[in-house]
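First comes the structure, then the notes that go with it.
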Amino acid sequence: MIRPFNFSAGPATLPEEVLRHAAAEMLDWHGSGMSVMEMSHRGKEFLSIYENAEADFRELMAVPPHFKILFMQGGGLAENAIVPLNLSRGACADFVVSGSWSDKSQKEARKYCDVQIAASNQSSSHTGLPPPASWKIRRHASYVHVCTNETIHGVEFQELPDLKALGSDAPLVIDFSSHVASRPVNWSKVGLAFGGAQKNLGPAGVTLVVVREDLLGHALPACPSAFDYKTVADSQSMYNTPPTYAIYVAGLTFQWLKRQKEGEFEGIAAMEQRNIVKAQMLYDAIDHSQLYVNKINRDCRSRMNVPFFLRDESRNEAFLTGANARGLLQLKGHKSVGGMRASIYNAMPLAGVEALIGYMREFEQKKA
Ligand SMILES: *Cc1c(COP(=O)(O)O)cnc(C)c1O
């Protein structure tokens, strides 16, 4: 069976090899007689799955030893509360609003601390990023929050801001939900990173948190124990039952990522090379067409989520129906933005992007 190409923003397409591997082991994991779903999270079988997943992620993403990797639940939206519960110390936190997700984050944090918008691109409808030199960061900010890839608006930081260079000692918190593992992370600039797995790593249900050790142990008294990063870190993410099956599938994806090669590049670096090529092809096709348009400044266009519009919006439904008929799925844009959105995560092969571009050209010419 040839599977269609799935451009969903999330939960999103996974590598076919990963799905086949999980399917083959569904009833009996490694001769244990059990599905991964049926195992004790404290048994040796699951512990080996967990430890491999953590070690593989650490290796892939070059996470330094003074950072903890936590596998949590609640997704990115729960982290919008869990981060201020752990990091704000009830004081103040500063936010860069670059699209819907960072806007949601700052609104949620207001329940727990004093929030200030350090910068916003709302007046330009989130088509560009406010340059870090213009950010207003308070001297006593307990952290600065940035969403490094805005999944809905299609805006991505091509480089992490350097808060030290801006004169701030505050830890940088990044929501990297929708581009984790698509490019390397410069951990020297980061205090904490979080992301739900369902965009680029695995199934919904597990949230990855990478946190610098010195930020542990400062949770507000009201912080639920299951969401206290120190409690979670001290118990190897097993204070309560972790989302075992989601961790297992994410672990298979990490192994798949480790196997990827592109020229002299391996793993995440190989993915980054491919992601650059895929995104460039799609943006070029949009920019060179008369029908399609992407409104994001070129220097901050997302490699992962490519929103675009038909200049003749009356053709939207026909575009989507034709796409579905050709096995190009879930291209409808987010309801708050409209138009179309092609999410081209790690697991989207080049052939999928080529098929989409081929269809877009054919559709454009049909009416001309
Ligand atoms: C999807 C997404 C979220 C929300 O994740 P949930 O798992 O639904 O809570 C948060 N931030 C970004 C950038 C996202 O893409």
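Going 7 Å from the Cα of Met281 toward and past its Cβ, which residues in the stretch 302-337 have a backbone nitrogen under 19 Å from where you end up?
302-308, 323-324, 326-331
Which shape class applies to the chain: rounded if a/c is under 1.5, otherwise prolate when a/b exceeds b/c and oblate if not, where a ≥ b ≥ c are the square roots of the Cα gyration tensor eigenvalues?
oblate
Taking only C-alpha pairs under 8 Å that are 6+ residues apart, what is the relative contact order of the stretch 17-258 in percent?
In percent, rounded to a whole number, it is 26.
Identify the residues of the stretch 43-64 with backbone N under 16 Å of a label point that sits 7 angstrom from the Cα of Leu27 along the Cα-to-Cβ direction, or state none.
none
Separation between the Arg311 and Lys335 pseudo-spin-labels, each 7 Å from Cα along Cα→Cβ, expressed in nm?
3.0 nm
I want to check the label-to-label distance for Lys107 and Ser35. Put each point 7 Å from Cα in the C-beta direction and report it in nm to one decimal.
Each label point lies 7 Å from its Cα, and together they span 3.7 nm.
Values in this text are rule-based calculations from the coordinates and carry no lab data. Since the structure is predicted, the reported quantities are computational estimates derived from the model, not experimental observations. A quick note on method: Cβ atoms are made from the backbone with ideal geometry, for glycine too, and the neighbour counts reach across all protein chains shown.
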